[in-house]
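See below for the structure under consideration.
The values are calculated or read from the model by the stated rules, or taken from the named source; none is laboratory data. Since the structure is predicted, the reported quantities are computational estimates derived from the model, not experimental observations. FYI the Cβ positions are ideal-geometry reconstructions off the backbone, even for glycines, and counts take in every protein chain you see.
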Amino acid sequence: MESKKYKILVVDDNTNNIEFLANLLSENGYDVDFSLNGSDALKLVEFEDFDLILLDIMMPEMDGFEVCQRIKDDPDKNEIPIIFLTAKTDIESIEKAFDLGGLDYVSKPFSTNELLARVKTHVELKEGKDKLKQVNNWLEEKVDERTAELNIANKKLLQLDSAKAQFLQIISHEIRTPLNAIIGMATLITDTGLTEESETYIELLNKSTTRLEEFSIKALDISQLNTYDKELIKPTKVSVKQIILNAIADIDAFIESKKVKILQTIDTDNEIINVDKNYFHKCIVSILHNAIKYSPNNGLVSVIVSNQDKDLIIEIRDAGVGFSNEFIINEIGPFESEDHMDKNPGLDLFLSNLIVKAHGGSIENGNNKDKGAFVRIIMPID
């Protein structure tokens, strides 16, 4: 592959210097153009692309300092390296040359080896900078393209999520409408008087319809939280103690059927948190229900509220079979089964996880040292 031939502009009002530099640079493989004054030099720079400019300082009408200043003021040309050619060796002139953007200077009379070495260094540096700029531009284009693709993909995902939420809302409604009719009919049939066997069938029917109704409500909540997340959350200042009492009251019949004792410990003076009362109530009910379900009859479920740094901790403990070592609550999907969870596949704890995260909190699980398991909610205190 043929190497690039660098293009150099020589600006000097002395024709002898022009001739000497043109011959020297041409013999060493450079493409050389020249100008005898600053005005003509600026015109050449405007229409040509140069890899380097050798610029004399002392010229009539427009000196090298002014030529340099005008080139550096041009955003399209200001990266061309400039080496000043000067018979002036005073510190003031040299400092001015560098201040205006000159990268180097060569004193007259020229040292051939020194001049060629400086020219070689600066044209190669410019080539390196040009290549780096090209790479950066290419990378920026690729990043822009990829960002545009991701934005399109994200927009499609949001549209799909919205469609999914609408679909589940319709399905939930379509399920609950006939369910209400079935429940009503089962109640009427029960009131007419039944045989013992028929009563058993009606009881199974009621349990199944209740289970299906609960499933449809939870599935809709999960879909909406996955799609709209924080848009659904309407936080207000509420008492954690009151939320727990309400949750216990909500599942009082289930607690009574298991003969489970609920022990509450509020170990904090500050148990007020900023949450959506409705959703957080569902969260506590779901975790409590799960803990009670897998507690033995006449067992104990503990609800402990405490502070840790700037967080409020709500921990619900049971004396059941415990979680498997592989089970991590904040990594489960909505339809994963777990011995400690409702065999109706994991919606309770999955929904609780979504609710806690939507509030900016976190949730974790584990097994007690002696027996049973715990679910711990960590909520920031405003």
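When 20, 84 are screened for being surrounded by fewer than 20 Cβ atoms within 10 Å (Cβ to Cβ) and at pLDDT below 95, only 20 passes.
Residues in region 1-17 that are aliphatic (A, V, I, L, M) and crowded, with 18+ Cβ neighbours inside 10 Å: 8, 9, 10, 11. Regarding region 126-143, can at least one residue be identified that is touching a strand residue (DSSP E or B) at 6+ places or on another chain (Cβ under 6 Å) and within 30 Å of residue 22 (Cα to Cα)? No, because not a single residue in region 126-143 is touching a strand residue (DSSP E or B) at 6+ places or on another chain (Cβ under 6 Å) and within 30 Å of residue 22 (Cα to Cα). Quick check on region 340-352. Is at least one of its residues touching a helix residue (DSSP H, G or I) at 6+ places or on another chain (Cβ under 8 Å), at pLDDT below 90 and farther than 16 Å from residue 214 by Cβ? There is at least one residue in region 340-352 that is touching a helix residue (DSSP H, G or I) at 6+ places or on another chain (Cβ under 8 Å), at pLDDT below 90 and farther than 16 Å from residue 214 by Cβ. The C-beta contact set for region 234-253 (first residue under 9 Å from residue 271 (Cβ atoms), second residue polar (S, T, N, Q), distance under 9 angstrom, 6+ apart or interchain) comprises 240/268; 241/264.
The number of residues in region 213-247 that are among the aliphatic types (A, V, I, L, M), at pLDDT below 90, within 18 Å of residue 287 (Cβ to Cβ) and surrounded by fewer than 17 Cβ atoms within 10 Å (Cβ to Cβ) comes to 1.
The residue that is surrounded by the most Cβ atoms within 10 Å (Cβ to Cβ), counting only those in region 23-41 that are touching a residue at least 24 places away in the same chain (Cβ under 8 Å) and hydroxyl-bearing (Ser, Thr, Tyr), is 35. Look at (1) in contact with a Gly (Cβ under 9 Å, 6 or more places away or on another chain); (2) at pLDDT 90 or above and you find that residue 97 fails only one, number (2).
Count of region 233-255 residues, restricted to those that are farther than 18 Å from residue 379 by Cα and either in the same structural domain as residue 155 (by TED's automatic domain parsing) or in contact with a strand residue (DSSP E or B) (Cβ under 6 Å, 6 or more places away or on another chain) (or both), is 1. On the stretch given as region 97-128, residues that are in a helix (DSSP H, G or I) and in contact with a helix residue (DSSP H, G or I) (Cβ under 6 Å, 6 or more places away or on another chain) total 0. Screening residue 258 against (1) in the same structural domain as residue 369 (by TED's automatic domain parsing); (2) in contact with a Pro (Cβ under 9 Å, 6 or more places away or on another chain); (3) under 30 Å from residue 159 (Cα atoms) leaves a single unmet condition, (3). Kindly evaluate residue 80 against the criterion of being aliphatic (A, V, I, L, M), under 20 Å from residue 127 (Cα atoms) and assigned to a loop (DSSP other than H, G, I, E, B). So residue 80 fits the description; yes.
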